[in-house]
């Protein structure tokens, strides 16, 4: 069965995000003063051939831990459809 996986990777709270700081400054310089708590991240979307949704999720966890994220400084969220 084919499942679609979406994996969001973001910095953990307290980790410096220089790209977010630069973009946030630009947002405010453009006059968008109602935007707060800006952060950046990565979104990975891919298909998985798996026997079950649980096995597809397990594969995603392994991918995140080994390749898609740095578990020391990043969190990830997995959505399987």
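Values in this text are rule-based calculations from the coordinates and carry no lab data. Bear in mind the structure is a predicted one, so any value in this text is a computation, not a measurement. Ideal geometry is used to build each Cβ from the backbone, glycine not excepted, and the neighbour counts take in all protein chains shown.
Just one residue in the set 48, 2 is surrounded by 14 or more Cβ atoms within 10 Å (Cβ to Cβ) and either free of Cβ contacts under 8 Å to residues at least 40 places away in the same chain or over 17 Å from residue 74 (Cβ atoms) (or both); that residue is 48. Residue 42 meets the stated requirement of being touching a residue at least 12 places away in the same chain (Cβ under 8 Å), exposed (fewer than 14 other Cβ atoms within 10 Å of the Cβ) and under 26 Å from residue 13 (Cα atoms).
Taken as a whole, the structure leaves residue 23 outside the set of residues that are surrounded by 12 or more Cβ atoms within 10 Å (Cβ to Cβ) and touching a residue at least 60 places away in the same chain (Cβ under 8 Å). Residue pairs whose Cβ atoms lie under 9 Å apart, separated by 6 or more positions or on different chains, with the first residue in segment 59-79 and without any contact (Cβ under 8 Å) to a residue 60 or more places away in the chain and the second part of a helix (DSSP H, G or I), are 60/68; 71/64; 71/65.
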